[in-house]
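The values are calculated or read from the model by the stated rules, or taken from the named source; none is laboratory data. These figures come from a predicted structure and were not determined experimentally. Here the Cβ positions follow ideal geometry from the backbone for every residue, glycine too, while neighbour counts run over all protein chains shown.
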Amino acid sequence: MTFQDTGARIAREDRLEKLATVAVQVGLGLRPGQELVMTAPLDALPLARAITEQAYRAGASNVTTLYTDELATLLRFTHADDAAFDAAPAWLYEGMAAAYRAGAARLAITGDDPSLLAGQDAEKVARANRARSKAYLPALELIAGFATNWTIVSAATPAWARAVFPGEPDEVAVARLWDAIFAASRIEGDDPVAAWAAHNADLRRRTEFLNAKRYRALRYRGPGTDLEVGLADEHEWHGGATRAGNEIVCNANIPTEEVFTTPHRLRVSGTVTSTKPLAYQGTVIEEIQVRFEEGRIVEAASRTGKAVLEKVLDTDEGARRLGEVALVPHSSPISRSGLLFYNTLFDENAASHIALGQAYSKCIRGGLAMGEDDLVAHGCNRSLIHIDWMIGSGEIAVDGVTADGVVEPLMRHGEWVSRS
Ligand code: ZN
Ligand code: ZN
């Protein structure tokens, strides 16, 4: 081992500790005595352990980590019986849901190989995803409804790093990806917790501005895009920190740069083209173009991954409708990195985006306390899926349409028009 190697390792361990601190203190806001349920890829073991340490230092009563093994997933696709792809371990997700109901916090470490399942039968992938989504629903509803405090952070794994830095030796690719993760997660300064407080304050100013405006719709214009997205009745913009149902303030995504709300499930019309590839559970879907009529996708095309895209859209009735609309300036730090991460947590924070499927009920005033029928009546979409894809770039203009039809410029060339 050379001196430089040792130096790099110490620097990484120091930054891992800072990332773990931000994950526990800012991401979760973990309360003393609270239980923590964590999921992590095997390759994220050092970060999972650093988080475990910080969680116990913060007073966690118990940290349970479920590790996932991508090779094991591939073995299933290679050897399992065909009928297996309609099955999922419902008991596991029911157990996780029971933990959240009993007050446990939730932390997910992502670092998946974006093209793990690229060579597999699209039909089998779709069936497996559908079975998993269905089994996961009890847990997902609690997470999407912020019944408890939760967060997602990421770890540089070799498979993911190879996708982001193709052609580089693994060690170099992993080191570069860690650098990008640390920078995007705002842990580079002396006091990352204070840096996050300032960032959350910025995002809050933006959401307060948009909430005061109460726009009826947003309009997007750009290459291949001419779209009007009606916003849900009594929608509310969110961004940065969230107060969960258990009163704990958490930051669900690290990094996060977006402000977002709920579109109206029936009031989206026009055409929109994706501006970055979408990595969806092992398949990369590029150059998506869809046309909406009365909120529903009536035409869809993509340059790659079309079979998977079509299967996704046929998941259920809500899969062809929007569940989220989010604004991110083109100058966001992640966008400026110029990297394509093939990971939604990063790519969605590099560009304005929309999501197909399930809406966040917290984006409706009083929505967390509403029943399903009431949410749907407000325009909130329901679906087994929630898939973000990027429609923003330096060439996109966004306008807000007020209740009485006045059109106001919100973003030009991908940047906010007003400074506030
Ligand atoms: Zn989003
Ligand atoms: Zn989303």
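If Leu309 meets every condition in (1) closer than 30 Å to Thr68 by Cβ; (2) within 16 Å of ligand 2 (Cβ to nearest atom); (3) of a type in the set (A, V, I, L, M) apart from one, which number is that one?
Answer for Leu309: the failing condition is (2).
Considering only segment 222-313, give the strands (runs of 3 or more DSSP E) lying wholly within it that have at least 3 residues that are more than 19 Å from Ala126 (Cα to Cα) and among the polar types (S, T, N, Q).
Strands (runs of 3 or more DSSP E) meeting the threshold: 263-273.
Right, Thr207: outside any helix (DSSP H, G or I) and either buried (at least 18 other Cβ atoms within 10 Å of the Cβ) or modelled with pLDDT of 95 or more (or both) or not? Full working, then the answer.
Working: outside any helix (DSSP H, G or I): no; either buried (at least 18 other Cβ atoms within 10 Å of the Cβ) or modelled with pLDDT of 95 or more (or both): yes.
It is false that Thr207 is outside any helix (DSSP H, G or I) and either buried (at least 18 other Cβ atoms within 10 Å of the Cβ) or modelled with pLDDT of 95 or more (or both).
Give the number of residues within segment 74-90 that are in contact with a helix residue (DSSP H, G or I) (Cβ under 9 Å, 6 or more places away or on another chain), under 19 Å from Ala122 (Cβ atoms) and not in a loop (DSSP other than H, G, I, E, B).
Looking only at that region, the number is 6.
For every residue, the table says whether it meets (1) surrounded by 17 or more Cβ atoms within 10 Å (Cβ to Cβ); (2) polar (S, T, N, Q).
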site: Gly59; (1), (2): no, no
site: Glu70; (1), (2): yes, no
site: Thr78; (1), (2): no, yes
site: Arg106; (1), (2): yes, no
site: Glu123; (1), (2): no, no
site: Ala131; (1), (2): yes, no
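Among the candidates Ile187, Ile181, which residue alone is out of contact with any Ser or Thr (no Cβ under 7 Å at 6 or more places or on another chain), surrounded by 14 or more Cβ atoms within 10 Å (Cβ to Cβ) and within 21 Å of Ala155 (Cα to Cα)? Break it down stepwise before answering.
Numbers: Ile181 fails: out of contact with any Ser or Thr (no Cβ under 7 Å at 6 or more places or on another chain).
Ile187 is the lone residue from the list that is out of contact with any Ser or Thr (no Cβ under 7 Å at 6 or more places or on another chain), surrounded by 14 or more Cβ atoms within 10 Å (Cβ to Cβ) and within 21 Å of Ala155 (Cα to Cα).
Quickly run through segment 60-75 and pick out the residues that are farther than 19 Å from Asn129 by Cα, out of contact with any Gly (no Cβ under 6 Å at 6 or more places or on another chain) and not hydrophobic (A, V, I, L, M, F, W, C).
If the condition is that a residue be farther than 19 Å from Asn129 by Cα, out of contact with any Gly (no Cβ under 6 Å at 6 or more places or on another chain) and not hydrophobic (A, V, I, L, M, F, W, C), then Asn62, Thr64, Thr65 are the ones that fit.
Among strands (runs of 3 or more DSSP E) lying entirely in segment 362-420, which contain 1 or more residues that are away from ligand 2 (no atom under 16 Å from the Cβ)?
Values: elements: 386-390, 397-401, 407-412.
Per the criteria, 397-401, 407-412.
So for segment 251-262 (the condition being within 16 Å of ligand 1 (Cβ to nearest atom), closer than 18 Å to Leu384 by Cβ and at pLDDT 95 or above), does at least one residue qualify?
Start the filter on segment 251-262 by keeping residues that are within 16 Å of ligand 1 (Cβ to nearest atom), which leaves 251-262.
If we keep only those that are closer than 18 Å to Leu384 by Cβ as well, we get 262.
From what's left, at pLDDT 95 or above: 262.
Yes, segment 251-262 has at least one match.
If a residue must be of a type in the set (S, T, N, Q) and touching a Ser or Thr at 6+ places or on another chain (Cβ under 8 Å), how many such residues does segment 305-337 contain?
1
Check segment 93-104 and report whether any residue there is touching a Ser or Thr at 6+ places or on another chain (Cβ under 8 Å), in a loop (DSSP other than H, G, I, E, B) and surrounded by fewer than 20 Cβ atoms within 10 Å (Cβ to Cβ).
Checked against the condition, which is being touching a Ser or Thr at 6+ places or on another chain (Cβ under 8 Å), in a loop (DSSP other than H, G, I, E, B) and surrounded by fewer than 20 Cβ atoms within 10 Å (Cβ to Cβ), segment 93-104 yields at least one hit.
Would you be able to tell me the number of residues in segment 254-273 that are within 13 Å of ligand 2 (Cβ to nearest atom) and touching a helix residue (DSSP H, G or I) at 6+ places or on another chain (Cβ under 6 Å)?
3
Return the residue satisfying two criteria in turn: it lies in segment 317-326 and is hydrophobic (A, V, I, L, M, F, W, C) and near ligand 2 (Cβ under 10 Å from one of its atoms), and of such residues it is surrounded by the most Cβ atoms within 10 Å (Cβ to Cβ). Give the steps one after another, and end with the answer.
Taking segment 317-326 first, the residues hydrophobic (A, V, I, L, M, F, W, C) are 319, 322, 325-326.
Now narrow it down to the ones that are near ligand 2 (Cβ under 10 Å from one of its atoms): 325-326.
Working: Val325: 31, Ala326: 24.
My answer is Val325.
Just to be sure, is Thr207 more than 19 Å from Asn149 (Cα to Cα), among the β-branched types (Val, Ile, Thr) and in the same structural domain as Trp389 (by TED's automatic domain parsing)?
Values: more than 19 Å from Asn149 (Cα to Cα): yes; among the β-branched types (Val, Ile, Thr): yes; in the same structural domain as Trp389 (by TED's automatic domain parsing): no.
No, not satisfied.
Here is a check on your reading of the model: is Arg243 touching a helix residue (DSSP H, G or I) at 6+ places or on another chain (Cβ under 8 Å), closer than 19 Å to Arg365 by Cα and basic (Lys, Arg)? Spell out how you get there, then give the answer.
Working: touching a helix residue (DSSP H, G or I) at 6+ places or on another chain (Cβ under 8 Å): no; closer than 19 Å to Arg365 by Cα: yes; basic (Lys, Arg): yes.
In short, no.
Select, from Gly394, Gly414, the only residue that is buried (at least 18 other Cβ atoms within 10 Å of the Cβ), farther than 21 Å from Gly323 by Cα and of a type outside the set (Lys, Arg). Steps first, please.
Numbers: Gly394 fails: buried (at least 18 other Cβ atoms within 10 Å of the Cβ).
Being buried (at least 18 other Cβ atoms within 10 Å of the Cβ), farther than 21 Å from Gly323 by Cα and of a type outside the set (Lys, Arg) holds for just one of Gly394, Gly414, which is Gly414.
Which of the residues that make up segment 327-354 are within 16 Å of ligand 2 (Cβ to nearest atom), among the polar types (S, T, N, Q) and either free of Cβ contacts under 8 Å to residues at least 40 places away in the same chain or not in a loop (DSSP other than H, G, I, E, B) (or both)?
Scanning segment 327-354 gives a single hit, Thr344.
If you go through segment 175-211, how many residues are more than 28 Å from Val259 (Cβ to Cβ) and touching a Phe, Trp or Tyr at 6+ places or on another chain (Cβ under 9 Å)? Let's see the steps before the verdict.
Initial filter on segment 175-211 (more than 28 Å from Val259 (Cβ to Cβ)): 175-176.
Of the ones still in play, those that are also touching a Phe, Trp or Tyr at 6+ places or on another chain (Cβ under 9 Å) are 176.
Of the residues in that region, 1 qualify.
Return the only residue of Arg219, Arg267 being modelled with pLDDT of 95 or more, touching an Asp or Glu at 6+ places or on another chain (Cβ under 6 Å) and farther than 30 Å from Ala108 by Cα. Talk me through it step by step, then tell me what you get.
Values: Arg267 fails: touching an Asp or Glu at 6+ places or on another chain (Cβ under 6 Å).
Step by step, each of Arg219, Arg267 is checked, and only Arg219 is modelled with pLDDT of 95 or more, touching an Asp or Glu at 6+ places or on another chain (Cβ under 6 Å) and farther than 30 Å from Ala108 by Cα.
Note down all Cβ pairs under 7 Å where the first residue falls in segment 296-325 and is of a type in the set (Asp, Glu), the second is modelled with pLDDT of 95 or more and crowded, with 20+ Cβ neighbours inside 10 Å, and they're at least six residues apart or on different chains.
So the pair list comes out as Glu299/Val290; Glu324/Phe260; Glu324/Thr262; Glu324/Ile354; Glu324/Ala355.
Within the group Val284, Val290, Val312, which residue is surrounded by fewer than 19 Cβ atoms within 10 Å (Cβ to Cβ) and either within 26 Å of Trp160 (Cα to Cα) or more than 16 Å from ligand 1 (Cβ to nearest atom) (or both)? Show your work before the answer.
Working: Val290 fails: surrounded by fewer than 19 Cβ atoms within 10 Å (Cβ to Cβ); Val312 fails: surrounded by fewer than 19 Cβ atoms within 10 Å (Cβ to Cβ).
Just one listed residue meets the conditions, Val284.
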